[in-house]
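Engineer: Have a look at this one.
The values are calculated or read from the model by the stated rules, or taken from the named source; none is laboratory data. Since the structure is predicted, the reported quantities are computational estimates derived from the model, not experimental observations. Counting neighbours? That spans all protein chains shown, and the Cβs are built from the backbone with ideal geometry, glycine included.
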Amino acid sequence: MPQHVVQCYQSDEFLLGAAARFLLGRDAGTSFIVIIATPAHRLALVKRLKPNSDQMPWVGGLRLMDADETLAQIMPRDTPDRARFDQVVGSLVRQFATRGSVRIYGDMAGELYRAGKRRASAALEDLWNELARSVDFDLFCAYPIDVFDPAFEERSSDSFLHNHRRLLPSSPAGSLEAALRLALEKAGLTPPERMRVPGIHDRARMPAAEAMILWLRAAYPRQAPAVLAQAERYYRNAARAE
């Protein structure tokens, strides 16, 4: 089944490590890679992929595209245009898909989200999902969102969470969850074993820490800011101590 995953990030280092592993996959030798990213992310990803260049068809197998330039081509007004998206992006994906598996990294939706263009971001995700119904490819989307920020809650996050099959962890394994559980314990709150998080396409594939944050904001809106502020202090202090 095609993957359409999303990762919220603050740290480029953790994001790009996850993205490089996603792009290489298990059958890198038969993969075609498309990177539609900011200049910094393009450069960093290529550097991470180069040590594995003997595993993949670099000649014709890698396409680098600028996120802002591509958005300018597919978005003549306030929202992405279906025909232009298909001409610029869809045609390339279809071409590669006839010759092997296709993996894509994308900054476009996240950059729209960063600019406050939430509807345009959601519309772009819809176009990706529409394309996926006719072509097989795996897509990794990156959103510059701090999960401790008040904006990360189910109402504002619903669009980008609903449009992806899986939310990837935004931090190294266990560190964020440990900080959250400690803060919840201090506040006398216990998360349920199964947290219901509206807006998730595949709730079982959501990291425990991110699910916990959304559950806390929905179940205890008054206490959530203080608990999350404490959790963030635990998390940042632990990161500095490493």
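Engineer: State which residue is modelled with the lowest pLDDT when the search covers only the range 116-153 and only residues that are of a type in the set (V, I, T) and touching a helix residue (DSSP H, G or I) at 6+ places or on another chain (Cβ under 6 Å). Steps first, please.
Structural biologist: At the first step, the residues of the range 116-153 found to be of a type in the set (V, I, T) are 135, 145, 147.
Remaining after also requiring touching a helix residue (DSSP H, G or I) at 6+ places or on another chain (Cβ under 6 Å): 135, 147.
Numbers: V135: 96, V147: 92.
Ranking the qualifying residues of the range 116-153, first place goes to V147.
Engineer: Quick one: in the range 49-69, which of the residues that are among the charged types (D, E, K, R) and at pLDDT 90 or above is farthest from F140 (Cα to Cα)?
Structural biologist: Only one residue fits best here, namely E69.
Engineer: In addition: Given the criteria within 15 Å of R166 (Cα to Cα), modelled with pLDDT under 90 and either in a helix (DSSP H, G or I) or in contact with a strand residue (DSSP E or B) (Cβ under 7 Å, 6 or more places away or on another chain) (or both), does A239 qualify? Let's see the steps before the verdict.
Structural biologist: On the way: within 15 Å of R166 (Cα to Cα): no; modelled with pLDDT under 90: yes; either in a helix (DSSP H, G or I) or in contact with a strand residue (DSSP E or B) (Cβ under 7 Å, 6 or more places away or on another chain) (or both): yes.
It is false that A239 is within 15 Å of R166 (Cα to Cα), modelled with pLDDT under 90 and either in a helix (DSSP H, G or I) or in contact with a strand residue (DSSP E or B) (Cβ under 7 Å, 6 or more places away or on another chain) (or both).
Engineer: State which residue is farthest from D146 (Cα to Cα) when the search covers only the range 208-242 and only residues that are of a type in the set (S, T, N, Q) and surrounded by fewer than 16 Cβ atoms within 10 Å (Cβ to Cβ).
Structural biologist: Among them, the one singled out is Q223.
Engineer: Output yes when any residue across the range 203-210 is under 30 Å from K117 (Cβ atoms) and at pLDDT 90 or above, and no when none is.
Structural biologist: Looking for residues that are under 30 Å from K117 (Cβ atoms) and at pLDDT 90 or above, one finds at least one in the range 203-210, hence yes.
Engineer: Mind listing whichever residues of the range 98-128 are over 19 Å from R77 (Cβ atoms) and outside any helix (DSSP H, G or I)?
Structural biologist: Answer for the range 98-128, where residues must be over 19 Å from R77 (Cβ atoms) and outside any helix (DSSP H, G or I): T98, R99, G100, S101, V102, R103, I104, Y105, G106, D107.
Matching residues to (1) in contact with a Phe, Trp or Tyr (Cβ under 9 Å, 6 or more places away or on another chain); (2) β-branched (V, I, T); (3) at pLDDT below 90:
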residue	(1), (2), (3)
S11	no, no, yes
G25	no, no, yes
L71	no, no, no
M75	yes, no, no
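Engineer: Right, L131: closer than 16 Å to L92 by Cα, of a type in the set (A, V, I, L, M) and assigned to a helix (DSSP H, G or I) or not?
Structural biologist: It is true that L131 is closer than 16 Å to L92 by Cα, of a type in the set (A, V, I, L, M) and assigned to a helix (DSSP H, G or I).
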